[in-house]
Amino acid sequence: MSHIRSKDTEPEWAVRRMVHAMGFRYRLHVKSLPGKPDLVLPRHRKVIFVHGCFWHAHGCRMAQRPPATHKRFWKDKFAKNVQRDQRHLRALWQAGWQVLVVWECETKDAERLRAILAAFLSTDARPSNYDLADQHALYGLAAESPEEYGKYVPSDTGETPSATR
């Protein structure tokens, strides 16, 4: 696993190119922030993580097939990765940062990726520091366990959760 790259991956480059083309400038892998976000836009107080579907247990088709050997090890590793991601997201939200998690599978469709980034980076967007559980339900973008993935059923009222600080 020491040869698995955590920086400058293809999905990260796809996001970086698109954000740059939209006219935004950013810092990379800021060590002083929880989780060392892949892109940090300090002026806008926004961060973007680019998560690999396999390593962060997204639950999409790309990450459906777990390794066949050492199943207990991999299950524990993925669970720890998800818990660590949730800790980092919570710390960033509590510190007042707006957070976007872009999944590797979302980088395959350029138009969808552009729409996600444009919505997140728009200057008229309101702060989205919701409770962690609500953030998962609203956007489906934050790291979640494979068991939780896809289980959200929206309410009939159409209400959105109230923002917390």
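One table, with the values for the structure above:
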{"item": "Of all residues making up the stretch 79-94, the number that are under 26 Å from Val40 (Cβ atoms) and either in contact (Cβ under 8 Å) with a residue 60 or more places away in the chain or in contact with a strand residue (DSSP E or B) (Cβ under 6 Å, 6 or more places away or on another chain) (or both)", "result": "4"}
{"item": "Selection count, the stretch 1-28, where residues are small (Gly, Ala, Ser), modelled with pLDDT of 85 or more and assigned to a loop (DSSP other than H, G, I, E, B)", "result": "1"}
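Yes/no matrix, rows are residues, columns are (1) modelled with pLDDT of 75 or more; (2) part of a loop (DSSP other than H, G, I, E, B); (3) charged (D, E, K, R); (4) out of contact with any Gly (no Cβ under 9 Å at 6 or more places or on another chain):
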site	(1), (2), (3), (4)
Trp55	yes, yes, no, yes
Gly59	yes, yes, no, no
Asn81	yes, no, no, yes
Ile116	yes, no, no, yes
Ser128	no, yes, no, yes
Ala133	no, no, no, yes
Glu147	no, yes, yes, no
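The values are calculated or read from the model by the stated rules, or taken from the named source; none is laboratory data. Keep in mind it's a predicted model, so treat the numbers as computed, not measured. Here the Cβ is made from the backbone with ideal geometry for all residues, glycine too, and neighbour counts use every protein chain on show.
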